[in-house]
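Following: one structure in structure tokens, then a few remarks.
The values are calculated or read from the model by the stated rules, or taken from the named source; none is laboratory data. As the structure is a computational prediction, the values presented were derived from the model and not from experiment. Note that each Cβ is placed from the backbone with ideal geometry, even for glycine, and that neighbours are counted across all protein chains shown. Surface areas here come from the heavy atoms of the whole protein model, side chains and all, with no ligands, DNA or RNA. Shrake-Rupley method; radii C 1.70, N 1.55, O 1.52, S 1.80 Å.
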Amino acid sequence: MARPSQQLDQALLRSGRALYAELGCAGLSQRRLAEHAGVSPGMFHYHFASKDDFLRTLLQQLYDEMFESLASDAAAPGPALARLRQGLFGMARFVREHRPLLLRLVLDAANGEAVAGEFLRANAPRHLGVLVQLLEEAQRRGELPPVRHPLQRLAVLMGAVLAPMVMLPAMQALGVPLKGASLATQVTGDTAIAERIELALSALRQGGEAA
């Protein structure tokens, strides 16, 4: 008997990306996935042992796309801050593209969904670790001054560059009035992301133990 097309598992995973932000771990059923992907429900069990197995594959596939790009940026030649700048820019664009899904993931983890919690515990240290390594390298090379509390630098970067990608669009969605130009111009657009990265790196360059 011929093996069913391997493209069917990717069709199911694409449907998972489309549906997860709305339905979350609890609401994402095998039937809904099969209907959305246009495949028979039996194909789900052919490719995935269970819904939890599907969710792990879905989340890991999405994360690995971002992490592989970050790791490539981090390993490139050149100054550590230049590689950090590029890595942060890629992460911010990833958050922009997948913000609803990422918000649902955090909400699921907070609500005790085991798959979401396990995923975050396993993967969050990976990209944070890359950023910390780049910051440490920048200090060793003299691109950044030494600091008493190195995690403060990571907090500055995450707060300045990535947090606005989630917080301000969420506030706007809740009806909180935000004055000025559009979010795309001030927060989520490529130019806005690059400006925040430069502001954050400038703050890190000016900081240090003497401050």
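Going by the structure shown, is residue 110 of a type in the set (A, V, I, L, M), out of contact with any Ser or Thr (no Cβ under 6 Å at 6 or more places or on another chain) and open to solvent by 30 Å² or more (accessible area, probe 1.4 Å)? Spelling it out, residue 110 is indeed of a type in the set (A, V, I, L, M), out of contact with any Ser or Thr (no Cβ under 6 Å at 6 or more places or on another chain) and open to solvent by 30 Å² or more (accessible area, probe 1.4 Å). Annotation note: of 18, 75, the sole residue that is open to solvent by 30 Å² or more (accessible area, probe 1.4 Å), closer than 30 Å to residue 206 by Cβ, at pLDDT 95 or above and of a type in the set (Gly, Ala, Ser) is 75.
Looking at this structure, is residue 78 within 30 Å of residue 187 (Cα to Cα) and not aliphatic (A, V, I, L, M)? So residue 78 passes the test. Residue 54: at negative phi, open to solvent by less than 20 Å² (accessible area, probe 1.4 Å) and touching a Phe, Trp or Tyr at 6+ places or on another chain (Cβ under 6 Å), yes or no? Spelling it out, residue 54 is indeed at negative phi, open to solvent by less than 20 Å² (accessible area, probe 1.4 Å) and touching a Phe, Trp or Tyr at 6+ places or on another chain (Cβ under 6 Å). Scan segment 165-196 for residues that are modelled with pLDDT of 95 or more and in contact with a helix residue (DSSP H, G or I) (Cβ under 6 Å, 6 or more places away or on another chain) and the total you get is 2. The residue that is surrounded by the fewest Cβ atoms within 10 Å (Cβ to Cβ), counting only those in segment 197-211 that are farther than 23 Å from residue 127 by Cα and at pLDDT 75 or above, is 206.
Restricted to segment 129-166, and to residues there that are open to solvent by 40 Å² or more (accessible area, probe 1.4 Å) and farther than 27 Å from residue 191 by Cα, the residue that is nearest to the chain's Cα centre (by Cα) is 150. Might you check whether a residue that is polar (S, T, N, Q), at negative phi and modelled with pLDDT under 95 occurs anywhere in segment 147-164? Scanning segment 147-164 turns up at least one residue that is polar (S, T, N, Q), at negative phi and modelled with pLDDT under 95. Can you confirm whether segment 30-48 contains a residue that is under 17 Å from the mean Cα position of the chain (by Cα) and open to solvent by less than 70 Å² (accessible area, probe 1.4 Å)? No, because not a single residue in segment 30-48 is under 17 Å from the mean Cα position of the chain (by Cα) and open to solvent by less than 70 Å² (accessible area, probe 1.4 Å). Against the numbered list (1) open to solvent by 40 Å² or more (accessible area, probe 1.4 Å); (2) at pLDDT 95 or above; (3) at negative phi, residue 87 comes up short only at (1).
Is there a residue in segment 146-160 that is closer than 20 Å to residue 70 by Cα, of a type in the set (A, V, I, L, M) and in contact with a Pro (Cβ under 9 Å, 6 or more places away or on another chain)? Checked against the condition, which is being closer than 20 Å to residue 70 by Cα, of a type in the set (A, V, I, L, M) and in contact with a Pro (Cβ under 9 Å, 6 or more places away or on another chain), segment 146-160 yields no hits at all.
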